[in-house]
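K.L.:
The structure's right below; bear with me while I get my questions together.
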Amino acid sequence: MSERTPAEFHPETVAAAYGVASDTAFGAVAPPLYLSSTYEFAGFDAPRAYDYGRVGNPTRDLVAEAIARLEGGAGAVMTPSGMAALDLLIGRLPVGSLVVAPHDCYGGTMRLLKARAELGQIRLALVNQSDMEVFGQQLRDHPALVLIETPSNPLLRVVDIAALSTLARNAGARVAVDNTFLSPALQQPLSLGADYVLHSTTKFPTPFDVIAGAVIAADPEEAKKLKHWANVTGAIASPFDSWLTLRGLRTLFARMAGQERNAMAVAERLRGHRAVARVHYPGLADHPDHVLASRQQTGFGAMMSFELVGGIPAVQRFVGVVRGFTLAESLGGVESLVAHPATMTHADMGPEARANAGISDGLLRLSVGLEHIDDLLAGLEVGLQAAESLSEVA
Ligand code: PLP
């Protein structure tokens, strides 16, 4: 840990300043980017702090330390993507371990877990984690790992991390929380009893120019084992991606605050609109998980989804004309995006699993950025009017 960001410093300070002015060679204020794949030994059998870039890299280690500190963890590993972060964790489970995951998780997460299960490497149970009874029953089968995604992608369902972690721990399971939708700026699952946090740092930490991920462990021994496993498997983020991620973290809290402000205004506008059947944003007081979200999160974030009254035809009209929201996958950046989960992020889940999770064909997901709110609302209105005119015709 850098002496310049002592333990009592606030998370905002860690994000803005971790590792700043720590360069001993030239006094560079911005931490240097170390691209070298290998390091000179001091002499025979005398490696320095670093010997080979897969084992460790100063830039990657710096951002991993910053993220671990933001999540309140003992250590972190930076991986080449969010999916690689999950796979790093899964890869260390003994063959045949039971993994309990949400039935409504990110489509790529489900694809990875199902693929590992089909290969016989894990057993998989997909459950509705809002239903404590169903969850409790599943724990009787002694899972090794419980994966939680809250708020969930794309329906923004919020589950009780502390309650689920206590139950899982009592059943001998470890708990990993995918914190991608909120980032450490708005939720710290380790403080609620989780063992690991997963991130697609592709999202909020870095505004749309990096694919990377992170696993953070609460326990120092676990953190060491994960780092070792990343070296064994080669699942390491590149130095440049790590450097960009650290640069992104500098502004994380400020971006989050601005994006959340815009998101609240967008959600309120959507809620009152005739073209919209339902809005999923836990920041709205009438959202079923509003009270829980208010308790376990320090903000509601910039992600939401909503259902158009007119189904697929209305979706087509909306995305064809909406302004200010680019039709694209991914989320968390400073530019607003719209995605259609059924044909994009959650297409691989298949219609049955989507229906089971409650992901309808008329559902659109928004990632709200930092544009001026008046421009966003005006652009949204263009799309909503097109969708509404269709429901009127129908
Ligand atoms: N977890 C969640 C909640 C996601 O939304 C995503 C990607 O959209 C991932 C994990 C995977 O991250 P990556 O695309 O960096 O592999």
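The rows are residues; the columns are (1) open to solvent by less than 40 Å² (accessible area, probe 1.4 Å); (2) modelled with pLDDT under 95.
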residue	(1), (2)
320	no, no
323	no, no
326	no, no
332	yes, no
340	yes, no
345	yes, yes
348	no, yes
355	no, yes
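K.L.:
Does residue 191 qualify as being in contact (Cβ under 8 Å) with a residue 12 or more places away in the chain, out of contact with any Cys (no Cβ under 7 Å at 6 or more places or on another chain), open to solvent by less than 50 Å² (accessible area, probe 1.4 Å) and polar (S, T, N, Q)? Before the answer, list the steps.
P.N.:
Details: in contact (Cβ under 8 Å) with a residue 12 or more places away in the chain: yes; out of contact with any Cys (no Cβ under 7 Å at 6 or more places or on another chain): yes; open to solvent by less than 50 Å² (accessible area, probe 1.4 Å): no; polar (S, T, N, Q): yes.
No: the conditions fail for residue 191.
K.L.:
Next question, about the same structure. Of everything in the stretch 177-209, what is within 16 Å of residue 15 (Cβ to Cβ) and among the β-branched types (Val, Ile, Thr)? Give them in sequence order.
P.N.:
Going through the stretch 177-209, the residues within 16 Å of residue 15 (Cβ to Cβ) turn out to be 179, 182-188, 197, 199, 201, 203-207.
Within the stretch 177-209, 197, 201, 206 qualify.
K.L.:
Could you list, ordered by first residue, the pairs with Cβ atoms under 6 Å in which the first is in the stretch 354-373 and within 20 Å of residue 101 (Cβ to Cβ) and the second is not in a loop (DSSP other than H, G, I, E, B), at least 6 apart or interchain?
P.N.:
365/305; 365/339
K.L.:
For the stretch 160-182: of the residues being outside any strand (DSSP E or B) and either outside the structural domain of residue 201 (by TED's automatic domain parsing) or closer than 26 Å to residue 249 by Cα (or both), which is nearest to the ligand (Cβ to nearest atom)? Working first, answer last.
P.N.:
Within the stretch 160-182, the subset outside any strand (DSSP E or B) is 160-173, 179-182.
Keeping just the survivors that are either outside the structural domain of residue 201 (by TED's automatic domain parsing) or closer than 26 Å to residue 249 by Cα (or both) gives 161, 179-182.
On the way: 161: 15, 179: 9, 180: 4, 181: 6, 182: 10 Å.
Per the stated criteria, the residue is 180.
K.L.:
Now for a separate question. Across the stretch 238-259, what is the total count of residues that are touching a helix residue (DSSP H, G or I) at 6+ places or on another chain (Cβ under 6 Å) and either under 15 Å from residue 88 (Cβ atoms) or part of a helix (DSSP H, G or I) (or both)?
P.N.:
Within the stretch 238-259, the first condition is being touching a helix residue (DSSP H, G or I) at 6+ places or on another chain (Cβ under 6 Å), and the residues that meet it are 239, 242-243, 245-246, 249-250, 252-253.
After this cut, where a residue has to be either under 15 Å from residue 88 (Cβ atoms) or part of a helix (DSSP H, G or I) (or both) as well, the list is 239, 242-243, 245-246, 249, 252-253.
Counting residues in the stretch 238-259 that are touching a helix residue (DSSP H, G or I) at 6+ places or on another chain (Cβ under 6 Å) and either under 15 Å from residue 88 (Cβ atoms) or part of a helix (DSSP H, G or I) (or both) gives 8.
K.L.:
Turning to a different aspect of this structure: Considering every residue within the stretch 197-206, establish whether at least one is surrounded by fewer than 24 Cβ atoms within 10 Å (Cβ to Cβ), among the hydroxyl-bearing types (Ser, Thr, Tyr) and away from the ligand (no atom under 16 Å from the Cβ).
P.N.:
Checking the stretch 197-206: not a single residue is surrounded by fewer than 24 Cβ atoms within 10 Å (Cβ to Cβ), among the hydroxyl-bearing types (Ser, Thr, Tyr) and away from the ligand (no atom under 16 Å from the Cβ).
K.L.:
Follow-up question, since we're still on this one. State the number of residues belonging to the stretch 46-92 that are in a loop (DSSP other than H, G, I, E, B) and either at negative phi or open to solvent by less than 20 Å² (accessible area, probe 1.4 Å) (or both). Talk me through it step by step, then tell me what you get.
P.N.:
Filtering the stretch 46-92 for residues in a loop (DSSP other than H, G, I, E, B) gives 47-51, 53-57, 72-74, 80-81, 92.
This time we only want the ones that are either at negative phi or open to solvent by less than 20 Å² (accessible area, probe 1.4 Å) (or both), so: 47-51, 53-57, 73-74, 80-81, 92.
Matching residues across the stretch 46-92 total 15.
K.L.:
So which residues in the stretch 266-288 are open to solvent by 30 Å² or more (accessible area, probe 1.4 Å) and either farther than 16 Å from residue 301 by Cα or touching a residue at least 24 places away in the same chain (Cβ under 8 Å) (or both), if there are any at all?
P.N.:
Initially, the stretch 266-288 is screened for residues open to solvent by 30 Å² or more (accessible area, probe 1.4 Å), giving 268-269, 271-272, 274, 277-278, 285-286, 288.
269, 271, 272, 274, 277, 278, 286, 288 - these are the residues of the stretch 266-288 that are open to solvent by 30 Å² or more (accessible area, probe 1.4 Å) and either farther than 16 Å from residue 301 by Cα or touching a residue at least 24 places away in the same chain (Cβ under 8 Å) (or both).
K.L.:
Under the condition of being of a type in the set (D, E, K, R) and open to solvent by 40 Å² or more (accessible area, probe 1.4 Å), which residue from the stretch 208-240 is modelled with the lowest pLDDT? Even if it seems obvious, please write down each step before you answer.
P.N.:
Just the residues of the stretch 208-240 that are of a type in the set (D, E, K, R), to begin with: 209, 219, 221-222, 224-225, 227.
Cutting the leftovers down to open to solvent by 40 Å² or more (accessible area, probe 1.4 Å) gives us 209, 219, 221, 224-225, 227.
Values: 209: 93, 219: 98, 221: 98, 224: 98, 225: 98, 227: 98.
Among those residues, the one meeting the criterion is 209.
K.L.:
Please name all residue pairs, on different chains or six or more residues apart, with Cβ atoms under 8 Å, provided the first residue is in the stretch 197-213 and is within 16 Å of residue 87 (Cα to Cα) and assigned to a loop (DSSP other than H, G, I, E, B) and the second residue is more than 8 Å from the ligand (Cβ to nearest atom) and of a type in the set (Asp, Glu).
P.N.:
Listed by first residue and then by second, the contacts come to 211/241; 212/241.
The values are calculated or read from the model by the stated rules, or taken from the named source; none is laboratory data. No experiment lies behind these values; they were computed from the predicted model shown. In this analysis, Cβ positions are derived from the backbone assuming ideal geometry, glycine residues included, and neighbour counts consider all displayed protein chains. Side chains are part of the model used for accessible areas, which takes the heavy atoms of the whole protein and leaves out ligands, DNA and RNA. Shrake-Rupley method; radii C 1.70, N 1.55, O 1.52, S 1.80 Å.
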